[in-house]
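Below is one structure; the comments refer to it alone.
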Amino acid sequence: MADGAGMQFVSAFAFEAMQKVDVVRLAALSDPELRLLLPCLVRMALCAPADQSESWAQDKKLILRLLSGVEAVNSIVALLSVDFHALEQDARKEQQLRHKAGGSNGESILVSQLQHGLTLEFEHSDPLRRLRLTLSDLLAIMNKVVDSNGEFFLKSSELFESPVYLEEVADVLCILQAELPSLLPIVDVAEALLHVRNGDWFLCLLVANVPDSFNEVCRGLIKNGERQDEESLGGRRRTEALRQLCQMNPSQALNIRAMVVEECHLPGLGVALTLDYKPDTPDEAVSPLVSYVSGLLLGTNSKVRTWFSMFIRNGQQRESSSVLWQMRRQLLLELVAILPRSRSTHMPNDGDMEDEGLSGYSGLREEHVVKASALLRLYCALMGIAGLRPTDEEAEQLLQLMTSRPPATPAGVRFVSLSFCKLLAFPTLVSTPEQEQLMVMWLSWMIKEEEYFESAAGVSASFGEMLLLVAMYFHSNQLSSIIELVCSTLGMKIAIKPSSLSKMKTIFTQEIFTEQVVTAHAVRVAVTNNLSANITGFLPIHCIYQLLRSRAFTKHKVSIKDWIYRQLCETSTPIHTQLIPLIDAYINSILTPASKANPEATNQPITEQEILRVFQSSQGEGSRGGRQRYSITTQLLILYYILSYEENLLASTKQLALMQRKPKSYSAALMDQIPIKYLVTQAQGLQQELGGLHSALLRLLATNYPHLCLVEDWVCEEVVTGTLPLLRRMMLPSNTCRYTRSQLHQAFQKLPSSSPRLMRILEHLTLLSPGDLIPYAEALTDSMALLLDSSVPRRILQTLNKLWMGLNTVMPRRLWVMTVNALQPSAKLLKQQRYTQNDLMVDPLIALRCEQRVYRCPPFMDIVLHMLNGYLLASKAYLHCHLKETADFDRQGQTVSSLGVPGQPDTPEVTREELKNALLAAQDSAAVQILLEVCLPTSEEQQLGANPESLLKSLLSDMREVQCLICCLLHQMFIADPNIAKLVHFQGYPQALLPLTVAGIPSIHICLDFIPELLAQPQLEKQIFAIQLLSYLCTQYALPKSLSVARLAISVMGTLLTVLTHAKRFSFFMPTLPCLVAFCQAFPPLYDEVAGLLVQVGQVCASDVATKARDVDPLIARLQYLKEKPQEALIQGGGSSKLTLPQRTAEELGGADPDVQLCYCVEATFMDIISSTLHGL
């Protein structure tokens, strides 16, 4: 808006004085400046103030003195003497009239018929008429603005255009707005002034005389503004008016700019205000313009980004006078200012370029590097996001800046990386052969100087890795990956067409980096020291990872093993996200050849010596001496490598067998020396810093080392490493007595006299962390056999059990082997037979070949059962891996040797799997049978149990506690694999153990599922065991299913009565008839069936006895009577609730005929049933 050119605007000094009512500053203003502020000052002097203080009274006197010498004050005073109430009523009537007339200019209430032009009328009018003339004209404009529906118009008005009366009109306008604020809202007046010439000047005067309305007016103008202000006359006038307002009040310019961005209106205004902004302390690094435009295009608000991008796209089509071209010119000036030295806009010839290259041309100054990086990112955003098409001059200067050579600082490394990515993103910047040669020279300089930059700048992520990575992507034609890399480095999403990279691909793959050069160079790149997630950017590990994926190392026979090992040894927390994918790619390149034509083209695995070197100083199952050389991250990564390598080797056996390849597996001796559980425990406390490594290790452990993932161990770890033990260790004084291993050993040797001292030592050890207990592990386990003496206090045993469980959380495998060897019987110790980890995995039952006294020592039995459970799981995993390792190669041999024999190759595979399952089942069942045998009392315990007074004592005995521990383990085993329960019960075990197993193993109720199958077995012993087991199950679990199985058992007994021979009948019914009592006691409805069966058995036996001329009719009669009238039998028996048979001596029963004995047994069973039933009633 050039209307106000050459006119006197309100200065920033004057506006600030008005804002603060600084009378001293106001007195310092010149007469022309003071003239613009008279309306407000006169009203201030004449109107009654709200401030009644003495200071304001003095200031008011100064204002009156200031106004006394100005002639124009009189006319303003005359304007204020008018009756504004009447004026407002007339104005409202005129507004109503205009609304009725449809907005046409008809009769006016404010102004009667004009005799002359509006200007002459204004000149000859009195103050009231001047107010009416101006108000009428202003209301007409405001009404037209309302009716225009947003379409801009420029209203011709003599009053607002006449240069002679501008000041008088401005006075009238200010007085009208001040006295009639409800009729003339200042925001609406400001909007109307945009539609007249000189409107920006009037607007500034109006706001200067009402300084408090500045923000309100600006926000209203912005809200009503156009979305793209450069495209319309109205938008440009609005922008210019707001620009003038901000020049009048520069302190609010940035707030107004923020309103522009908030509303997404008037983008040109935001740029113009930034161009006008002159900070008090300029930032040497980045200019306000670069910061503002970068924030809009690279911020997170997509709406703002789209809005400003549209401004850039549309503005390119306008003439060079637009705000956009002013912005571009300013940016270009800033760019040229930081170039190494002033350059012309044409390319130098070849000779110049050579001279420049030799003379160190293009050296960017250090203080300009950050600003240059910011400018590069801004131009990337302008070109890639906003669609800016650079002019030839801009493209030339940009290329000169991009090919500059910065100093070796971290900022310099960042600048080179940005320049390189900008070249890839916008290859059209290189258009001439001279420019292409300049780019190639610069890339060659990058390759040459990369190592120096990395060492001098002290950064781990340099631009050399990015060059390598891009070269690898070009060789493998992964153009989308290059685009992702460029966008990630620049920090913005740019649409790059893959076809635009063809020229760069040719330069990279043919002139700079051939694939062989890439692989050879990559191996020589130094590893990143202390690699962690805190080191950002593109590192050597990214390059190596891509080369591993593309199999470039194996293709060109370049060994990468040493580089990967060195990098794994140089890691720290938080773990870098590329390490796990690198290890996975490396393992794949070891096991899978690059091509079928060359099956030997694989990488070499890390050697066992290198792996052991990492764990030499580690804690846990290894030695504890010496300082830990390698970080926990390195050890965890190497552990992940080994476990993942072994798993992938097993998974690839089929493919490897077809290729006749068998990569070497790591030995069991190596795995025994790695503190797996200790490392995983350490990783558990570092989960956030290790990313997904901890979960990956748990998955591999659960698959390959299930005995290290026992649920009991995780629960025990909570007890050992929880809050309470931590607090106890914190309360432990630092100067407390520390016991040595030799002192502990001596205390063990002097038992039982040293029991108090040993107890003190053990109690002290319980306060140590599991890791600090490791040095004492050998002394504790070697002396366990000494504690089996009956004179050793129970508290010592329990404390040792607690210490053992603590050690089990950090070194389980080594601890188990030491414990098994320590608890061997003394006879074996004389032979010096020492078991190894492999022996115990092959034969887990070795754990039970211990000193007999262990079976009656509950704290030690708890340890033995824990080890047994672990070794049973370990044996399963061991056999599974062994089968997997050898099956495919054996099958391959079978296939080769048995060509032409159909069906031959499949048979061995099926047989091997069945044999493995049979072996595992035999191991599990043997363990269960041994444990059940342990539950049986010894001869001494039987004698003790025969004494009725020792009944209570037997319930609190060591044997009872051991039985409870064994039942808990069997319960877990039965839940884990119900087939074990079925197999053990098909094998059978002593009937004396049935009360214990049924009551102590909660999961034994699953036997109800297979008892019918057990009853159907042809062996009489199994049928007897099934009925005896069922009798206890019915008592323990009186369920509908138990009732149906009991009915089946009674039916089977009835059937067997008719088919068994004389001898077998006695063998079967003597132990099974007492079981019928339990059936009837659990299920009274079975009484009739059981009574019928008993009568049948009695009749059969009586008939056999009758053939021997023995009189047994009284017995049969008694049985019938008992069946039919049990209540009367009770009365005849004397009314006692317990019926008794006539006492018979052992000699009578022992010498009696088997049938007679069976008859007596039937009668006794009858009486027990009746007694138990009536007793229950």
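The values are calculated or read from the model by the stated rules, or taken from the named source; none is laboratory data. All values derive from a computational prediction rather than experimental measurement. We place every Cβ from the backbone using ideal geometry, glycine too, and count neighbours over all the protein chains shown. Calculation scope for accessible area: heavy atoms of the full protein, side chains included, ligands and nucleic acids excluded. Shrake-Rupley method; radii C 1.70, N 1.55, O 1.52, S 1.80 Å.
Per residue, the stretch 31-73 exposes 56 Å² of solvent-accessible protein surface, assessed with a 1.4 angstrom probe and all protein chains in place. Database remark: amide H of Arg405 closer than 5 angstrom to the amide H of Gly363, Leu364 (H placed geometrically; neighbours at sequence offset of 5 or more, or on other chains; Pro and chain starts carry no H).
Taking the Cβ of Thr489 as the centre, find all other residues whose Cβ is under 13 Å away and add up their charges (Lys, Arg: +1; Asp, Glu: -1). Counting the neighbours of Thr489, the net charge comes to +2. Within the shell of other residues whose beta carbon sits under 13 angstrom from the beta carbon of Glu570, the net charge comes to +1, with Lys and Arg scored +1 and Asp and Glu -1. Each Lys or Arg adds one and each Asp or Glu subtracts one; over the other residues with Cβ under 12 Å from the Cβ of Ile312, this totals +4.
Converting phi to 3J(HN,Hα) with the Karplus coefficients 6.51, -1.76 and 1.60 and the offset θ = phi - 60°, the stretch 603-615 yields 7, 8, x, 5, 6, 5, 5, 5, 5, 5, 4, 5, 9 Hz in sequence order, with x at every glycine or proline.
Each listed q (0.11, 0.12, 0.19 Å⁻¹) maps to a log10 I(q)/I(0) for the stretch 412-529 from the Debye sum over equal C-alpha point scatterers, namely -0.34, -0.41, -1.09. Relative to the 2.2 N^0.38 Å rule of thumb, the stretch 8-71 has a C-alpha radius of gyration ratio of 1.06. Measuring against 18 Å, Cα to Cα, the residue pairs Lys503/Lys555; Lys422/Lys505; Lys557/Lys664; Lys561/Lys664 contain Lys503/Lys555; Lys557/Lys664 as the ones spanning a longer distance. For the stretch 673-678, the Karplus equation 6.51 cos²θ - 1.76 cosθ + 1.60, evaluated at θ = phi - 60°, returns couplings of 8, 9, x, 4, 5, 4 Hz by residue, with Gly and Pro reported as x.
Extension gain, Met759 to Leu919: 0.36 nm times the residue separation minus the Cα-Cα distance gives 53.2 nm. In this rough spin-label picture, where each label sits 7 Å from Cα along the Cβ direction, the Thr391-Leu46 distance is 5.5 nm.
Roughly speaking, what is the stretch gain from Ala976 to Phe153, that is 0.36 nm per residue apart minus the C-alpha to C-alpha distance, in nm to one decimal?
287.6 nm
One decimal place: the segment Arg329-His85 gains 82.4 nm when fully extended, by the rule 0.36 nm per residue minus the C-alpha distance.
Only protein atoms count toward the accessible area here, which uses a 1.4 Å probe; on the stretch 169-260, the carbon and sulfur part of that area reaches 46 percent.
Work out the FRET efficiency for Ser480 and Gln684 from their Cβ-Cβ distance, taking R0 = 45 Å, and round it to the nearest 0.05. Walk me through the numbers on the way to the answer.
Numbers: r = 38 Å, r/R0 = 0.85.
With a Förster radius of 45 Å, E is 0.70.
Mean projected area of the Cα convex hull of the stretch 919-1076, taken over all directions, amounts to 10.4 nm².
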